[in-house]
Amino acid sequence: MNIQNAIKGRALVSGDEGFERAARPWNVAVTQPVDLVVEAADADDVAAAVRHAKLTGRTILAQPSGHGATGDVEGAILLRTGGLDEFEIRPDERIARVGAGVRWGRVLEAAGPLGLAGPAGSSPVVSVTGYLVGGGLSWFSRSQGFGADAVRAFEVVDADGAKARVTAGSDPDLFWALRGGSGEFAIVTAVEFELFPAPELYGGRVMWPAAQAPAVLAAFREVTAAAPDELAVWFDLVRFPGGEPLVAVDATFLGSAAEGAALLRPFDKVEGVLNDGRRTLPVAELGTITAEPTDPAPGLSRAELLTELNDEVAGTLLENPIDPLLSVQVRHLGGALARPDGNAGASGRIAEPYLLYLFGIPAGPERAAAVAAKQTEIANSVSRFTSGRKPYTFLGPGDHAASAFSPATLARLRDIKRTRDPRGLFRGNYPL
């Protein structure tokens, strides 16, 4: 069967012009050993690709933008859904409907002028669907919960190659699983989700020399101990290549600049500010706070959920240089993320109040080994205060999907997987 004859998009095999680019994930440090890439033009192409995989006895892995790739794709068909770019906002209903290829920046650009926002993370170039099926930890999760909680409908292709619309009423089990349980149950071609009011947004990054890290971390602990749900604050030890070590705080506040500045006042007492980018932000400029790369780049990350940020953890994080890491970050969680919600999807809730995120650039094998060793060293040094659980979209090399879910949730997800995809047609970045 020639898949190219069945689709409007492109089917590329090794040696074809454009194959290497199509097979490359966002993280260019990851290699994807595939021999067939299907670039879908629409949902019908997705259905044809799924039927082709089924007929040929292969697995299939969907990647809208290639974020979160692990390289565990040997023998699979790589399905690129970045071309599915349908986009609609219904402001009266506060609902957005986007195709699988739409990225968060486009949503925020359209929603902001309407006084609305979506549950986006720090990067404007991450795909909405990939982010939501992995749960989605947002800048606004303290007030809104996981991004997946906002989903109201998925449009999918199932393991038989049939298209369907999935809601809480039409298929509660699959709807639950797709909201944070990964993409192993169906291929999402579009998603419909709620937006929320954001008439005012305040935030930005403040930077100091690294010598001020103890004072900044003390202020961070003070601010986060009493933070309202509308305030999100991240602490970051940073060492840019070729630069001096720095310490930074990133923040967003769903409210006025005056109120946001008052909540962040403890940081104003820390002397030696190098740059203060806090301001009233257009929603569309949310991604400027951390200014993450918007083009594919190499990276190696590790995450741990902290059960507390006490003096011992704080001292451990501050006592040694972070080299060769680029960033040692602590994100404040809590709020809606920790509150029970009977309508939550598979991502569930996070009881831990902080997320530790360690990131480095693996420029060559020796550097990659050094980055991984430093991440392990830091993680081990605070292991008494980590839970072992990790949000799905923060899983990294060596992690397994089981780390993202409670035993009961994992068992339910596996039951749904066996029922909906008994042949194991669909493959996620971290298989269940």
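The values are calculated or read from the model by the stated rules, or taken from the named source; none is laboratory data. Computed from a predicted structure; not experimentally measured. Positions of Cβ are generated from backbone atoms using ideal geometry, with glycine treated the same way; all protein chains shown enter the neighbour counts.
Determine if the range 413-428 includes at least one residue that is of a type in the set (A, V, I, L, M) and closer than 18 Å to Phe175 by Cα. Can you show your working first?
In the first step, residues of the range 413-428 are kept if they are of a type in the set (A, V, I, L, M); the result is 413, 416, 425.
Of the ones still in play, those that are also closer than 18 Å to Phe175 by Cα are 413, 416.
Checking the range 413-428: at least one residue is of a type in the set (A, V, I, L, M) and closer than 18 Å to Phe175 by Cα.
Tell me which residues, restricted to the range 257-295, are assigned to a loop (DSSP other than H, G, I, E, B), surrounded by 16 or more Cβ atoms within 10 Å (Cβ to Cβ) and free of Cβ contacts under 8 Å to residues at least 60 places away in the same chain.
Listed by number, the list holds a single entry, Leu264.
Might you let me know whether the range 89-105 holds any residue that is in contact with a helix residue (DSSP H, G or I) (Cβ under 7 Å, 6 or more places away or on another chain), outside the structural domain of Glu17 (by TED's automatic domain parsing) and free of Cβ contacts under 8 Å to residues at least 24 places away in the same chain?
Taking every residue of the range 89-105 in turn, none turns out to be in contact with a helix residue (DSSP H, G or I) (Cβ under 7 Å, 6 or more places away or on another chain), outside the structural domain of Glu17 (by TED's automatic domain parsing) and free of Cβ contacts under 8 Å to residues at least 24 places away in the same chain.
For the range 375-413, give me each residue that is of a type in the set (Gly, Ala, Ser) and not in a helix (DSSP H, G or I). Break it down stepwise before answering.
Step one: filter the range 375-413 for residues of a type in the set (Gly, Ala, Ser), giving 379, 381, 383, 387-388, 396, 398, 401-404, 406, 408, 411.
If the condition is that a residue be of a type in the set (Gly, Ala, Ser) and not in a helix (DSSP H, G or I), then Ser387, Gly388, Gly396, Gly398, Ser406 are the ones that fit.
For the subset of the range 114-159 comprising residues that are hydroxyl-bearing (Ser, Thr, Tyr) and over 25 Å from Ala338 (Cβ atoms), which member is surrounded by the most Cβ atoms within 10 Å (Cβ to Cβ)? Quick ask: steps written out before the conclusion?
If we filter the range 114-159 for residues that are hydroxyl-bearing (Ser, Thr, Tyr), which is where we start, we get 122-123, 127, 129, 131, 138, 141, 143.
Now restrict to residues that are over 25 Å from Ala338 (Cβ atoms): 127, 129.
Numbers: Ser127: 28, Thr129: 30.
Checking each candidate, the answer is Thr129.
Have a look at Pro209, Pro172 and point out the one that is surrounded by fewer than 19 Cβ atoms within 10 Å (Cβ to Cβ) and in the same structural domain as Asn310 (by TED's automatic domain parsing).
Values: Pro172 fails: in the same structural domain as Asn310 (by TED's automatic domain parsing).
On inspection, the qualifying residue turns out to be Pro209.
Of the residues Ala401, Ala344, Ala408, Ala338, which single one is farther than 30 Å from Ala211 by Cβ, under 20 Å from the mean Cα position of the chain (by Cα) and without any contact (Cβ under 8 Å) to a residue 40 or more places away in the chain? It would help to see each step written out before you state the result.
Details: Ala401 fails: without any contact (Cβ under 8 Å) to a residue 40 or more places away in the chain; Ala344 fails: without any contact (Cβ under 8 Å) to a residue 40 or more places away in the chain; Ala408 fails: under 20 Å from the mean Cα position of the chain (by Cα).
Of the residues listed, the single one that is farther than 30 Å from Ala211 by Cβ, under 20 Å from the mean Cα position of the chain (by Cα) and without any contact (Cβ under 8 Å) to a residue 40 or more places away in the chain is Ala338.
List the residue pairs whose Cβ atoms are under 6 Å apart, where the first residue sits in the range 301-327 and is in the same structural domain as Thr70 (by TED's automatic domain parsing), the second is at pLDDT 95 or above and aromatic (Phe, Trp, Tyr), and the two are 6 or more positions apart or on different chains.
Close Cβ pairs satisfying both conditions: none exist.
Glu352: in a loop (DSSP other than H, G, I, E, B) and closer than 25 Å to Leu237 by Cβ, yes or no? Spell out the reasoning first.
Details: in a loop (DSSP other than H, G, I, E, B): yes; closer than 25 Å to Leu237 by Cβ: yes.
Taking the combined requirement at face value, the residue satisfies it.
Output the residue which, of all residues in the range 1-37 that are of a type in the set (Gly, Ala, Ser) and without any contact (Cβ under 8 Å) to a residue 40 or more places away in the chain, is farthest from Ala297 (Cα to Cα).
First, the residues of the range 1-37 that are of a type in the set (Gly, Ala, Ser): 6, 9, 11, 14-15, 18, 22-23, 29.
Subsequent filtering for residues that are without any contact (Cβ under 8 Å) to a residue 40 or more places away in the chain retains 11, 14-15, 18.
Numbers: Ala11: 25, Ser14: 22, Gly15: 23, Gly18: 18 Å.
Among residues in the range 1-37 that are of a type in the set (Gly, Ala, Ser) and without any contact (Cβ under 8 Å) to a residue 40 or more places away in the chain, the one farthest from Ala297 (Cα to Cα) is Ala11.
Could you list, in sequence order, the residues of the range 224-256 that are among the aromatic types (Phe, Trp, Tyr) and either touching a helix residue (DSSP H, G or I) at 6+ places or on another chain (Cβ under 7 Å) or surrounded by fewer than 20 Cβ atoms within 10 Å (Cβ to Cβ) (or both)? Step through it out loud before you land on a result.
Restricting attention to the range 224-256, the residues satisfying the condition of being among the aromatic types (Phe, Trp, Tyr) are 234-235, 240, 253.
Within the range 224-256, Phe235, Phe240, Phe253 qualify.
Among the residues of the range 3-24, are any modelled with pLDDT under 95, over 24 Å from the mean Cα position of the chain (by Cα) and buried (at least 20 other Cβ atoms within 10 Å of the Cβ)?
Within the range 3-24, one or more residues are modelled with pLDDT under 95, over 24 Å from the mean Cα position of the chain (by Cα) and buried (at least 20 other Cβ atoms within 10 Å of the Cβ).
Got at least one residue in the range 404-412 being basic (Lys, Arg) and either in contact with a Gly (Cβ under 6 Å, 6 or more places away or on another chain) or within 29 Å of Phe220 (Cβ to Cβ) (or both)? Can you show your working first?
Initially, the range 404-412 is screened for residues basic (Lys, Arg), giving 412.
Then drop every residue that is not either in contact with a Gly (Cβ under 6 Å, 6 or more places away or on another chain) or within 29 Å of Phe220 (Cβ to Cβ) (or both), which leaves none.
No - not one qualifying residue is present in the range 404-412.
Return the residues of the range 134-167 that are free of Cβ contacts under 8 Å to residues at least 24 places away in the same chain and aliphatic (A, V, I, L, M); say none if nothing qualifies.
Start the filter on the range 134-167 by keeping residues that are free of Cβ contacts under 8 Å to residues at least 24 places away in the same chain, which leaves 138, 164-167.
Scanning the range 134-167 gives Ala164, Val166.
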